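Q: Handing you this structure, nothing more for now.
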């Protein structure tokens, strides 16, 4: 096999991995603070892509403004859902949050399948990032390089914001003891809503980034959701760094297996998940709960 | 009265269906150190939680610095200038000592400066980068008090500051309380250690089954020792 094909698959794996990382990072934030396993995360990813496509299709707004506007739109949808529906299950077992968000996911996905069918809409590479460079050992499309860079910057930016800033300290403290954080004068319910908005906006950005690589398809959220959950389980639920590292590594491993043993590429993540669950049930980066 | 920091009248409180506070009346004046004493389970901690708004099922009048707070969530009560040091200290295990110290937002100017805090609590500087979970009980209590002093809160609710601490640490907490008092801050404190409470407090409210049953000032303690011992079951 050629080096070109190998590195091409690895790059695609890295891109998938960065989408896994962004989606599971959003899940980790939301789970840590709200105790909600947000199964609707895939729908927000799909919404991000669709909002970008709709902005272009109906109002003629291009990729660059959409990269900001679509995730904001996703965050608004998410915040409305959190305030009106999801907040009702905070005091119940985690299972109810999972079921509720899974239902919401099905409703959103169903609506878009009803409106747009399942064939997918094309979305062009943004001007300025077409073409690519021949690095000698591989051809690097500019847009894919951009996606990898943006995703990694966003992931580690989010990690930094949570681990090293004052707002992040509020979030971590509120994860441990929300009542006491409120008693210090911090509006925790508002913080929770903002964190939810931020968590789903990450999925929305991933969706916009994905639009030119894959088609904009109502089923794209469902397709990514399953590996993302596996990533979260392997990394350790609620762990920020675990979500990022595991997402990237598993994407690359998946890419590798596509080269060497394509039949296993859909299974490799789950095989790893099984091993991790047997050896370290709380996940590689997780703490015992 | 304008110099009343806390003015509670007819406060009732519930944990779910269970009625735990039965018409509390209690006042704390500017600059006073007042304790709530009584046996275990009579509602002392619950009273503090009701003042803070953490116990949300409550009725009656709770005025803090003259503002009615009975319908306020905890974050708004705090913003009036109230600092809360909970019984379990509430040190965040996933935050470092410094992050814990800097966590509560400044509520009013005039809070204790970091220099002064490190002078009062030298351990906190030594252990600045440790995780909150690594501190001893005494260090946790120091940190819980220090982080409230930093905020400039003028009214401090202290829940059992000496509970489970070695005598030498209790002494240190006493020094800190004197410092708080000399700054003119107001304190309402739950305390089981009556010898400690008697030393630092101006007045004592005695609680029994969700009610205030007596109030004793510092000067009356000697004369009412027998009655106090009966209240406290010693």
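Q: Suppose we filter region B:98-125 for residues that are part of a loop (DSSP other than H, G, I, E, B) and within 14 Å of chain A (Cβ to nearest Cβ); how many remain?
A: 7
Q: From A:204, A:222, which residue is more than 14 Å from chain B (Cβ to nearest Cβ), within 17 Å of residue A:39 (Cα to Cα) and crowded, with 24+ Cβ neighbours inside 10 Å?
A: After ruling out the rest, the residue left standing is A:204.
Q: Continuing with this model, one more query. When the residues of region B:32-53 are narrowed to those that are buried (at least 20 other Cβ atoms within 10 Å of the Cβ) and touching a helix residue (DSSP H, G or I) at 6+ places or on another chain (Cβ under 7 Å), which ends up nearest to residue B:208 (Cα to Cα)?
A: Result: B:38.
Q: Check whether at least one residue in region A:107-118 is surrounded by fewer than 18 Cβ atoms within 10 Å (Cβ to Cβ), part of a loop (DSSP other than H, G, I, E, B) and more than 14 Å from chain B (Cβ to nearest Cβ), and report yes or no.
A: Looking for residues that are surrounded by fewer than 18 Cβ atoms within 10 Å (Cβ to Cβ), part of a loop (DSSP other than H, G, I, E, B) and more than 14 Å from chain B (Cβ to nearest Cβ), one finds at least one in region A:107-118, hence yes.
Q: Among (1) at pLDDT below 95; (2) in a helix (DSSP H, G or I), where does residue A:237 come up short?
A: Just one mismatch for residue A:237, condition (2).
Q: May I pose another question? Looking at (1) touching a residue at least 24 places away in the same chain (Cβ under 8 Å); (2) crowded, with 16+ Cβ neighbours inside 10 Å; (3) not in a loop (DSSP other than H, G, I, E, B), which is the one condition that is false for residue B:133?
A: (2)
Q: Right, here's the next one. Does residue B:207 fit the bill of being part of a strand (DSSP E or B), touching a residue at least 24 places away in the same chain (Cβ under 8 Å) and over 23 Å from residue B:80 (Cα atoms)?
A: Considered against the rule, which asks whether it is part of a strand (DSSP E or B), touching a residue at least 24 places away in the same chain (Cβ under 8 Å) and over 23 Å from residue B:80 (Cα atoms), residue B:207 comes out as yes.
Q: Among the residues of region B:70-96, how many are more than 7 Å from chain A (Cβ to nearest Cβ), over 21 Å from residue A:240 (Cα atoms) and not in a loop (DSSP other than H, G, I, E, B)?
A: Count: 5.
Q: Please count how many residues of region B:164-193 are surrounded by fewer than 19 Cβ atoms within 10 Å (Cβ to Cβ) and outside any helix (DSSP H, G or I).
A: Matching residues across region B:164-193 total 6.
Q: Test residue A:181 against the stated conditions and say whether it is surrounded by 17 or more Cβ atoms within 10 Å (Cβ to Cβ), more than 15 Å from the chain's Cα centre (by Cα) and either free of Cβ contacts under 8 Å to residues at least 24 places away in the same chain or under 22 Å from residue A:43 (Cα atoms) (or both).
A: yes
Q: Give the number of residues within region A:63-85 that are farther than 14 Å from residue A:194 by Cα and in contact with a helix residue (DSSP H, G or I) (Cβ under 8 Å, 6 or more places away or on another chain).
A: 7
Q: Of the residues that make up region B:147-163, is at least one under 23 Å from residue B:91 (Cβ atoms), more than 13 Å from the chain's Cα centre (by Cα) and surrounded by fewer than 20 Cβ atoms within 10 Å (Cβ to Cβ)?
A: Within region B:147-163, one or more residues are under 23 Å from residue B:91 (Cβ atoms), more than 13 Å from the chain's Cα centre (by Cα) and surrounded by fewer than 20 Cβ atoms within 10 Å (Cβ to Cβ).
The values are calculated or read from the model by the stated rules, or taken from the named source; none is laboratory data. As the structure is a prediction and not an experimental result, all values here were calculated from the model. So basically every Cβ, Gly included, is an ideal-geometry build from the backbone, and we count neighbours across all protein chains shown.
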